[in-house]
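The values are calculated or read from the model by the stated rules, or taken from the named source; none is laboratory data. Everything numeric here is computed off the predicted structure, so don't read it as measured data. Methodologically, a virtual Cβ is constructed for each residue, glycine included, from the backbone with ideal geometry; neighbour enumeration extends over all protein chains shown.
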Amino acid sequence: MRMLLSMVGIPDMPTLHMITLIALAVTSAIMLGWLADGILGDGGFGLVLNGMLLLAGAVIGAIVWRKTGYSVSIGQPAATALAAAGSALTTLVLAGTIRRLV
């Protein structure tokens with residue numbers, strides 16, 4: 001788990017802080033999944049699956065962004081957060097599009 005968090009760009013931290021961070025990420029993913037379910041309506045996947053898709057997209061996007069190493073003027077943490085949010089939304093939209101085509 002620590003290796004995955006370091007790949008995303010989260011520094012090494014005590015176990016209690018890591019548990020709190022994971023709980024916040026899961027809670028945020030469920031809340032955003034609920035919001036996406038409300039916006040997408042019948043095109044969504046349900047509360048839990050929307051949250052899981054958003055969380056997976058955010059993690060993959062953050063890892064890819066940090067591996068590419070682009071430098072931006074807004075700061076690396078903010079750029080990583082924006083890349084994670086954008087890739088999370090892209091993942092959800094792509095999954096919805098694939099679901100409708102199949």
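Residue 23: of a type in the set (Gly, Ala, Ser) and exposed (fewer than 14 other Cβ atoms within 10 Å of the Cβ), yes or no? Considered against the rule, which asks whether it is of a type in the set (Gly, Ala, Ser) and exposed (fewer than 14 other Cβ atoms within 10 Å of the Cβ), residue 23 comes out as yes. Taken over region 54-67, the criterion of being in contact (Cβ under 8 Å) with a residue 40 or more places away in the chain and either in contact with a Ser or Thr (Cβ under 8 Å, 6 or more places away or on another chain) or assigned to a loop (DSSP other than H, G, I, E, B) (or both) is satisfied by 62, 66.
Please work out which residue is farthest from the chain's Cα centre (by Cα), limiting yourself to region 68-97 and to residues that are in contact (Cβ under 8 Å) with a residue 24 or more places away in the chain and farther than 18 Å from residue 47 by Cα. So that I can check it myself, show each step before the final result.
To start, the set of residues in region 68-97 that are in contact (Cβ under 8 Å) with a residue 24 or more places away in the chain comprises 76-77, 80, 84-92, 95-96.
Those left that are additionally farther than 18 Å from residue 47 by Cα: 76-77, 80, 84, 86-87.
Working: 76: 16, 77: 14, 80: 11, 84: 5, 86: 9, 87: 7 Å.
Checked region 68-97; the qualifying residue farthest from the chain's Cα centre (by Cα) is 76.
Restricting region 60-88 to residues that are among the hydrophobic types (A, V, I, L, M, F, W, C) and crowded, with 20+ Cβ neighbours inside 10 Å, the residue that is modelled with the highest pLDDT is 88.
Among the residues of region 6-15, just one is without any contact (Cβ under 8 Å) to a residue 40 or more places away in the chain, in a helix (DSSP H, G or I) and of a type outside the set (Val, Ile, Thr), namely 6.
Within region 16-39, one or more residues are of a type in the set (D, E, K, R), in a helix (DSSP H, G or I), in contact with a Gly (Cβ under 8 Å, 6 or more places away or on another chain) and free of Cβ contacts under 8 Å to residues at least 24 places away in the same chain.
Residues are listed down the side, and each one gets a yes or a no for (1) touching a Phe, Trp or Tyr at 6+ places or on another chain (Cβ under 6 Å); (2) of a type outside the set (A, V, I, L, M, F, W, C); (3) closer than 19 Å to residue 7 by Cβ:
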position: 47; (1), (2), (3): yes, no, no
position: 55; (1), (2), (3): no, no, yes
position: 61; (1), (2), (3): no, yes, yes
position: 70; (1), (2), (3): no, yes, yes
position: 78; (1), (2), (3): no, no, yes
position: 82; (1), (2), (3): no, no, yes
position: 93; (1), (2), (3): no, no, no
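The test for being β-branched (Val, Ile, Thr) and within 17 Å of residue 25 (Cβ to Cβ) does not hold for residue 90.
All conditions but one from (1) surrounded by 13 or more Cβ atoms within 10 Å (Cβ to Cβ); (2) farther than 21 Å from residue 2 by Cβ; (3) more than 16 Å from the chain's Cα centre (by Cα) apply to residue 18; the one that does not is (2).
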